[in-house]
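Engineer: Shown below is the structure under consideration.
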Amino acid sequence: MIETVIDIVSWICLLLGGAFGIIGGLGLVRLPDFFTRLHAAGVAETLCPLLIVLGLVLQSGLSLLTLKLVLILLFLLFTAPTATHAVARAAMLDGVEPSLGNDESEPTSGEPSSNT
Amino acid sequence: MSKWKERIGKILRSMRYILSLTIVLAALWLAVSGVYKPLIMLLGVGSVALVVWLATRMKVVGVEHNPALYAGRLPLYWGWLAWQIVLANLNVARLILNPAQVRPRVFKVKVPHDTAVAGAAYANSVTLTPGTVSLQMTAGELTVHALDRRSAEELKSGAMARRIAWLEGSDTEHP
Amino acid sequence: MTLVMVVTTMAIFATMALALVRALKGPTIYDRINAVNVFGTKTVLIIALITYITGHADLIDVALVYALINFIAVVTVLKLAKTRDLASSADVADGAVEHD
C-alpha cells in the first residue's frame, strides 16, 4: 500500500520534472531577448532537476545511489546560479542591452529601492 | 630561517580550517567511492592531500570556508529556498506559456549584510529563483534583472535578505 | 515504472532539442553559451535516468563527473569567448579585458 503511494508520488515528480523541462526549453526558444531567456534557462535548471532527482530518490530509498543523486543535485544547484551570473555579466560588459517593458507607469531602472 | 618560521606559524593558524576541509573531503571520498581496497584507499588519501594542498596554495582556506559555519540553520534556509524556487518557477512557467505578459525590468536592491559570504549567498539565491537574475554586485547594492512585476516585488519585499541575515546570525528575530 | 522513466527521458530529449534550436539560432554568443549550459544539465539528468532504466548503478558516477565538468566547460568557453585567450589571468568579471 505504502509502496504504491510512493510509486505514484515518484511518477508525478518525474513527469512534472519533464514537463517543466519542456516549458523551460520552450521559453528558451520563445522569449524575446537574451536576459529573459536566462530566466527560462533558470526553470530548466532548478525545478526540473529538483523534481526528477526527487522522483528517482523515492525509487531507490536510502542507498549509495541516493547519496550520489543528492550530490549531483547539490552540484547542479550550486553551479547553476554562478554560471548564469557569469553569462549575464559577460553579456552586459559586452554591451548586450536588456529590453525593458515600458507600458507600466512605474520607473523600471536607475532607482534604488529603499524598502529593505 | 625566519621566513620558514613565519610560514609555519601561518600554516598552524589556518590548521583548524585545513583540518575541517580534510575531514569533509575524506568523508565525501569514503561515501562516494564504495571500494575499500588498500590501493584505492591510498589513491583516495593522495587525492585528498592534493586538493588540500591546492586549496592552501590558492589561499582560499579561511573562516568563510569553514563548513560548520552555518551548519545548524542551513537546512532550514534551504527548505525555505526550495519552496521559493517552486513558487517562482510556477510564475515563470505561466509567463513562458503567455509571453505577452513579460515585462522585463532592471532595478537595484540594497544588500544589508556585513560579510562577503552572506552577500554572495544573497546574490546566488536571487539568481537561483527564476524570474530574477543578479547582474552586478557592488558594495551594498545588487543590480537585478527581473522578468515581471511579481518577481520584482517579491525580491523588493526583502524577505530573502532577512532570511540571509538570520542565516548569518546577525538577526535572530526571524524564524 | 520503466515506462514513466522513458517518457520523462523523452521529455528531456525534447528540452535538449529546444535548447539546440536556441544554440543554433543565436543571435548573440551568450545565447548559445546559455543554451549549451542547459543542454549539459539535461545530459546529467538523462544519464541519471538511464542509470535507473538499465539498473547499472555504476553509471551514476558518470553523471556526477559530468555535472562537474559541465560547469567548468561553460566557464571556460565563456572566458575563451570573452578574452580569446585561456591563459590570460586578467579578471574577466571586472571588464579588465576588452576587445581592441
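Engineer: Per-residue HN-Hα couplings for the range A:41-53, Karplus 6.51 cos²θ - 1.76 cosθ + 1.60 at θ = phi - 60°, whole Hz, x for Gly and Pro?
Structural biologist: Calculated HN-Hα couplings, in order: 4, x, 4, 6, 10, 10, 5, 4, x, 4, 5, 5, 5 Hz.
Engineer: Moving on to the next point. Counting pairs of alpha carbon atoms under 8 Å apart in space and at least six apart in sequence, what relative contact order in percent does the range C:2-84 give?
Structural biologist: On the way: 60 pairs, mean separation 22.3, N = 83.
So the answer I get is 27 percent.
Engineer: Here is a further query. In terms of the Cα gyration tensor, with a ≥ b ≥ c the square roots of its eigenvalues, is the range A:2-93 rounded because a/c is under 1.5, prolate because a/b exceeds b/c, or oblate? Spell out each step's value before the answer.
Structural biologist: Details: a/c = 5.64, a/b = 1.81, b/c = 3.11.
Oblate, because a/c is 1.5 or more while a/b does not exceed b/c.
Engineer: Then there is this: Suppose only helical runs count, i.e. DSSP H with n ≥ 4. What mean residue ellipticity at 222 nm does that imply for chain A under -39500 (n - 2.57) per run, divided by all residues and rounded to the nearest 500 deg cm²/dmol?
Structural biologist: About -25500 deg cm²/dmol.
Engineer: While we're looking at this one, here's another question. Can you classify the range B:29-141 as rounded, prolate or oblate using the Cα gyration tensor, where a ≥ b ≥ c are the square roots of its eigenvalues, rounded means a/c under 1.5, and otherwise it's prolate if a/b beats b/c and oblate if not? Can you show the working numbers first?
Structural biologist: Details: a/c = 2.73, a/b = 1.80, b/c = 1.51.
The shape class here is prolate.
Engineer: Another question, then. Relative contact order, percent, of chain A when contacts are C-alpha pairs under 8 Å separated by at least 6 residues?
Structural biologist: Numbers: 86 pairs, mean separation 29.8, N = 116.
In percent, rounded to a whole number, it is 26.
Engineer: What does the average come to when, for each residue of peptide C:32-40, you count the partner chain Cβ atoms lying within 10 Å of its Cβ? Don't skip to the answer; put the middle values down first.
Structural biologist: On the way: counts 0, 5, 12, 7, 0, 10, 14, 3, 4.
Counting other chains' Cβ atoms within 10 Å and averaging over C:32-40 gives 6.
Engineer: Still on this model: Taking the square root of 5 times each eigenvalue of the Cα gyration tensor, what semi-axes in Å does the equivalent ellipsoid of chain C have, largest first? Intermediate values should be presented prior to the final figure.
Structural biologist: Working: eigenvalues 222, 57, 9 Å².
The three semi-axes for chain C are 33, 17, 7 Å.
Engineer: For chains B and A, what's the summed buried accessible area, probe 1.4 Å, to the nearest 100 square angstrom? Could you put the intermediate results ahead of the total?
Structural biologist: Details: alone 11990 and 8780 Å², together 16970 Å².
The contact between A and B buries close to 3800 Å².
Engineer: Any idea of the total accessible area buried by the C-A contact, 1.4 Å probe, rounded to 100 Å²? Spell out each step's value before the answer.
Structural biologist: Numbers: alone 6980 and 8780 Å², together 11880 Å².
For C against A, buried area totals roughly 3900 Å².
Engineer: With springs only between Cα atoms under 10 Å apart, run a GNM on chain A and tell me which of A:Phe75, A:Phe34, A:Phe20 wobbles the most.
Structural biologist: Maximum fluctuation in the GNM of chain A, among the listed residues, is at A:Phe75.
Engineer: Taking beta carbons within 10 Å but only from partner chains, what does the mean come to for residues B:93-103? Don't jump to the answer; show the numbers that get you there.
Structural biologist: Details: counts 9, 1, 6, 13, 4, 0, 7, 0, 1, 9, 7.
Partner Cβ neighbours, averaged per residue: 5.
Engineer: Calculate for chain C the 222 nm mean residue ellipticity that helices alone would give, adding -39,500 (n - 2.57) per DSSP H run of length 4 or more and normalising by residue count, nearest 500 deg cm²/dmol.
Structural biologist: Details: 3 runs with 75 residues, N = 100.
Helix-only estimate at 222 nm: -26500 deg cm²/dmol.
Engineer: Quantify, in whole percent, the carbon and sulfur part of the accessible surface of the protein assembly as shown (1.4 Å probe; protein heavy atoms only).
Structural biologist: Reported share for carbon and sulfur atoms: 67 percent.
Engineer: Just need the relative contact order of chain B here, percent rounded to a whole number, with Cα pairs under 8 Å and 6+ apart.
Structural biologist: Numbers: 147 pairs, mean separation 31.9, N = 175.
Worked out over chain B, it gives 18 percent.
Engineer: Only four residue types carry charge here, +1 at the Cβ of Lys and Arg and -1 at the Cβ of Asp and Glu. Report the dipole size of the range A:1-99 about the Cα centre in Debye, rounded to the nearest 20.
Structural biologist: Dipole of the range A:1-99, to the nearest 20 debye: 80 debye.
Engineer: Another one. Please compute the average number of Cβ atoms from other chains found within 10 Å of each residue's Cβ in peptide C:73-83. Intermediate values should be presented prior to the final figure.
Structural biologist: Values: counts 1, 7, 5, 0, 1, 6, 2, 0, 3, 6, 0.
Across the residues of C:73-83, the mean count of other-chain Cβ atoms within 10 Å is 3.
Engineer: Magnitude of the Cβ-charge dipole of the protein assembly as shown, K/R +1 and D/E -1, about the Cα centre, nearest 20 debye?
Structural biologist: Working: 31 positive and 28 negative charges, 186 e Å.
Value, rounded to 20: 900 debye.
Engineer: What are the residues whose amide H is under 5 Å from the amide H of B:Glu141, where those residues sit 5 or more places off or on another chain and H is modelled from the backbone?
Structural biologist: B:Val111
The values are calculated or read from the model by the stated rules, or taken from the named source; none is laboratory data. For clarity, every value in this text was computed on a predicted model and none was experimentally measured. A quick note on method: Cβ atoms are made from the backbone with ideal geometry, for glycine too, and the neighbour counts reach across all protein chains shown. What goes into the accessible areas is simple: the full protein's heavy atoms, side chains included, and nothing from ligands, DNA or RNA. Shrake-Rupley method; radii C 1.70, N 1.55, O 1.52, S 1.80 Å.
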